[in-house]
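**Q** My structure is below; once you've seen it, I'll send some questions.
The values are calculated or read from the model by the stated rules, or taken from the named source; none is laboratory data. Here the structure is a predicted model, which is why all the values come from computation and not from measurement. Virtual Cβ from ideal backbone geometry, glycine too; neighbours counted across all protein chains shown.
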Amino acid sequence: GQTSHETTGGWESAPDGPYAWGYCFVSEINQDVYCSSNQYPCAAGKKYYGRGPIQLTHNYNYGQAGQALGQDLINNPDLVATDPVVSFRTAIWFWMTP
């Protein structure tokens, strides 16, 4: 359950608990804009809702992850959900970044 709580498709009475059914969603169901930082200005029409196995959320995380990985995730946030390599690289980046 350490990371599956972000993407769970489980339910309270699920066998082995609600988080045993993780990694069901590539994108957050509630697709808000999550544009809260001026350090990485949001691109017009883009939303920074949770995507990927650890559900990268908010423009500042997309900006920092993109900078670290050499990807323009501010202008292309969907890469975190559609490109498997980018998806898992952002998850590992988020997990390893203090």
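**Q** List the helices (runs of 4 or more DSSP H) inside segment 42-98, counting only whole elements, that have at least 1 residues being without any contact (Cβ under 8 Å) to a residue 24 or more places away in the chain and either farther than 21 Å from residue 29 by Cα or small (Gly, Ala, Ser) (or both). Lay out the reasoning, then the answer.
**A** Values: elements: 59-69, 79-82, 84-96.
So the answer is 59-69, 84-96.
**Q** Something else about it: Quick test for you: out of 94, 25, pick the one residue that is at pLDDT below 95 and touching a strand residue (DSSP E or B) at 6+ places or on another chain (Cβ under 8 Å). So that I can check it myself, show each step before the final result.
**A** Values: 25 fails: touching a strand residue (DSSP E or B) at 6+ places or on another chain (Cβ under 8 Å).
The conditions single out 94.
**Q** For segment 42-77, how many residues meet the condition of being of a type outside the set (S, T, N, Q) and farther than 15 Å from residue 32 by Cβ? Walk me through it before giving the result.
**A** Kept after step one, since they are of a type outside the set (S, T, N, Q), are these residues of segment 42-77: 42-54, 56, 58, 60, 62-63, 65-66, 68-70, 72-74, 77.
Now restrict to residues that are farther than 15 Å from residue 32 by Cβ: 43-44, 52-54, 63, 65-66, 68-70, 72-74.
Qualifying residue count for the region: 14.
**Q** So residue 42 ticks every box in (1) at pLDDT below 95; (2) surrounded by 13 or more Cβ atoms within 10 Å (Cβ to Cβ) but one. Which box is left unticked?
**A** (1)
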